[in-house]
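Report on the following structure.
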Amino acid sequence: MSHSFRKVAVLGAGVMGSGIAAHLANAGIPSLLLDIVPPGGLTEDDKKKGVKATDRSFRNRFSQGGLEKAIKSSPAQFFINTDARLVEVGNLEDDLAKIADCDWVCEVVKEDLGVKRDLFQRVVKHLHKDAILSSNTSGLKIQSMMEGFSADVRRRFLVTHFFNPVRYMNLLEVIPGAETSADVVGRFKEFGSLVLGKGVVMGKDTPNFIGNRIGVYGIMETIRVMMEDGYNIDEVDAVFGTAMGRAKSAVFRTADVVGLDTFVHVSQNCYDNLPDDEMRDVFKVPDFIKEMVKRNMLGNKSGQGFYKKVGSEILTLNLKTFEYEPKKKVRSDALGAVKDMDDPGEKCRTLCFADDRLGALAWKVTSRTLAYAARRIGEIADDIVNIDRAMRWGFGWEQGPFESWDSLGVGDACTRMDRDGTPVDARVRDMLKGGRQRFYESHGGVKTYFDFARNAPVNVDEGFRVMRVPALKEAGHTLKENMGASILDLGDGILGLEFHTKMNAIDADIVEMLNQAVEMAESDYLGLVIANDGPLFSAGANLMLIYMEAQNQAWDNIRKAVTELQASYQRMRYCKVPVVAAPFQLTLGGGCEMCLWAPSVRAHAELYMGLVEVGVGLLPAGGGTTEMTIRAVENAPDDPGYPLEGLIRKNLETIAMAKVSMSAEEARRLGFLRPSDGITLNRDHLLYAAKQQALGMARAGYRAPRPRAVRLPGPSARATFSMALRAMRDGHMMSDHDLLISEKIAHVMTGGDTSPRVLTSENRLLELECEAFLSLCGEVKTQERIQYMLMNNKPLRN
């Protein structure tokens, strides 16, 4: 059913509408982007240029402008800008009849009930009989929007609330009306999850739905406590950012990003439309925020809000004087302790139970927010799972409210809330009395949550496409493991390899387990999938090890580490059964090389992949330079006289400039992914998709690739590249050391002292790669770069 959405109409080309159209293009779905005709008529400038009121360029100005802003936006809305060709622009007067060809019509106009209803009246005249009609409203009720419309239209209407920026925010709230058909809901959920890659949560037709209802309450409660108890902006953001397992933007930076005018609108909507909410007064916008809006201190969009950037310095607003001041340093034992913690539950406990000023802030706000969320069960969503997912996917919380409550200890937290006078929902107490001490429990890889409507535990339904490494481990699927990696049985004859080093950096333990996994797969399995959980696939190789060995001049040890890594990746490539790598997010250096050498890849769409070794004074030596060389020339005519320099140049620049893709589609353009490699938009579906890809290859009769040998141009081409590189150095575009590294990359990629009259084997290229790597390790400037990266987590250009 998800593939029945062949074309979509997006009505409204503002930031959100153009973002939705861009993401539809990311998913390969053509769209029609319509907006109003400029209402003021021709400007004086238009008249001077000879523009006519009938010109399409004038009548489509708003939709075309929205598309152009999406193309130029930072961060990028499109995976690759050429996908903008899938967006057709038009206007609501001339082109509305075109929606008859669309399977979904999404309204994204201004948040005004009258404007939306007037547009719907025009839309239904052209809507085809099976099309879904939706609104991206952030708070208007379906009942109000659909009053007076036919039963057929009401049956096909729902709210589809995306979060901005659409490409990057995982949350998609789907809100059915009282008469929306189950078929329409199911059809759209499948499309949103599988095709658009979104985390879909089901909410109810209440003001601001789930995410904004809980999220804005939490922010407004934080502001109230800050004002009552004398905290400042810097203290609040120090506590409620990454220290608490929340988004880096914390509270006030988030408000600046969203825009204070938008934030005020959402909060005021709650205050105006929730007369029976026991915490309604929390949503009342404070006078100082009203004053900020009055002064156009709206955040990023106006250049100043709670924060203001002056030169390279970020200043903080003093709420008493409305002047900007240098950020105040915030220190506490608890904040210091959580810096080295990875577990979000441990962070939450540490801060909330800290016996100091910031601990009191963390507890007061967190406990009140958790209690408020519990009282909303049944009102904004049917269960705790949808609430927790909304906060994780829409607000960047590492744990939702009920997951956080479990981390604090439900019973202990309730006792402390009672002492504070914070009202705890009776259903939570009933759960505790019934013997259930946690909202979530997991046994044998099966996760349950407590369903308050049924007063019983229920399995968390994630859908058959969701596979998670921790659940597989808990269910006893681990076959072998060491300090760096685990080998898992993924079921159906597919083996899995998972890393768990710091930042999933490739080290000797991972190499050992990769070799064992390949051996086991060839003996007893149909295929092997390399996949990880966590925030990134792999940040590269173990740089500290290289640095220590270089400092000790232990060149043989470095050679051994390099050749063993190369041999391991070769072993994986020529495995008798299919091997599929499943990269996502950061996939750098040695992690990128592993994917380059894997026979097949199933990548997540958000893939930031690159060979970045130049930044630490090295070149890719885990087979990366070799593989990029072979990919450049392997399809060239088998003719010794064929000019190969142009083919090699692009990949040489990619390595020498340490280019990193900003999407999986861009990784394909950079040569890191092959045309045959697959891309999955939903991160939660990636492991399942990789497993199915391996199964499909196996069932189709997989045959391992043959070892390769290619023609390379040799010294003459290297001299040409060297001349161009030296010109860049002389033009101050690179340093002397950058030049040295780039010339060594060129030496490898042109085949050393080879000639195009002979074939150069991949083994010979690997030898050249290793020698170049070793020589660079001995350079003082390379060792300085490595040391600087280890100490500062950013590159040194020396």
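For the reader, a short list of remarks on this structure follows.
- Checked against (1) more than 15 Å from ARG416 (Cα to Cα); (2) crowded, with 18+ Cβ neighbours inside 10 Å, LYS364 passes all but a single condition, namely (1).
- Within the stretch 125-143, the set of residues being modelled with pLDDT of 95 or more and under 15 Å from THR180 (Cα atoms) comprises ALA131, ILE132, LEU133, SER134, SER135, ILE142.
- Counting only helices (runs of 4 or more DSSP H) that sit wholly inside the stretch 691-798, those with at least 3 residues that are free of Cβ contacts under 8 Å to residues at least 24 places away in the same chain and surrounded by 14 or more Cβ atoms within 10 Å (Cβ to Cβ) are 715-730, 762-777.
- Enumeration of residues in the stretch 463-499 that are aliphatic (A, V, I, L, M), touching a helix residue (DSSP H, G or I) at 6+ places or on another chain (Cβ under 6 Å), farther than 21 Å from LEU194 by Cβ and in a loop (DSSP other than H, G, I, E, B): MET483
- Annotation: of all residues in the stretch 525-556 being more than 25 Å from GLU398 (Cβ to Cβ) and of a type in the set (Gly, Ala, Ser), the one that is most open to solvent (accessible area, probe 1.4 Å) is ALA541.
- Residue in the stretch 33-56 that is under 25 Å from GLU190 (Cβ atoms) and touching a Leu at 6+ places or on another chain (Cβ under 8 Å) present: yes
- The stretch 63-88, residues that are in contact with a helix residue (DSSP H, G or I) (Cβ under 7 Å, 6 or more places away or on another chain), open to solvent by 30 Å² or more (accessible area, probe 1.4 Å) and over 26 Å from VAL184 (Cβ atoms): LYS69, ILE71, ASN81
- Number of residues in the stretch 289-309 that are touching a strand residue (DSSP E or B) at 6+ places or on another chain (Cβ under 7 Å), free of Cβ contacts under 8 Å to residues at least 60 places away in the same chain and among the hydrophobic types (A, V, I, L, M, F, W, C) equals 1.
- Considering the stretch 86-110, the residues that are under 17 Å from ALA22 (Cβ atoms) and free of Cβ contacts under 8 Å to residues at least 60 places away in the same chain include one that is nearest to the chain's Cα centre (by Cα), namely GLU88.
- Among residues of the stretch 1-57 being among the charged types (D, E, K, R) and closer than 23 Å to HIS128 by Cα, the one that is surrounded by the most Cβ atoms within 10 Å (Cβ to Cβ) is ASP35.
Quick grid of which residues meet (1) open to solvent by 10 Å² or more (accessible area, probe 1.4 Å); (2) modelled with pLDDT of 95 or more; (3) of a type in the set (D, E, K, R):
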site	(1), (2), (3)
ASN208	no, no, no
ARG213	no, yes, yes
ALA238	yes, yes, no
VAL266	yes, no, no
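- Residue match in the stretch 335-346 (condition: among the charged types (D, E, K, R), assigned to a loop (DSSP other than H, G, I, E, B) and in contact (Cβ under 8 Å) with a residue 12 or more places away in the chain): yes
- Residue satisfying all of: in the stretch 369-401; under 22 Å from CYS352 (Cβ atoms) and among the β-branched types (Val, Ile, Thr); nearest to the chain's Cα centre (by Cα) among these: ILE387
- Taking helices (runs of 4 or more DSSP H) as the structural unit, those lying wholly within the stretch 596-688 and holding at least 1 residues that are open to solvent by 40 Å² or more (accessible area, probe 1.4 Å), touching a residue at least 12 places away in the same chain (Cβ under 8 Å) and within 26 Å of SER722 (Cβ to Cβ) correspond to 645-656.
- Here ALA453 clears all of (1) loosely packed, with under 14 Cβ neighbours inside 10 Å; (2) in a strand (DSSP E or B); (3) small (Gly, Ala, Ser) except the condition numbered (2).
The values are calculated or read from the model by the stated rules, or taken from the named source; none is laboratory data. Everything quoted here is computed from the prediction, not taken from an experiment. Reconstructed Cβ throughout: ideal geometry from the backbone, glycine too, with neighbour counts over all protein chains shown. Please note that ligands, DNA and RNA were not included when accessible areas were found on the heavy atoms of the full protein model with its side chains. Shrake-Rupley method; radii C 1.70, N 1.55, O 1.52, S 1.80 Å.
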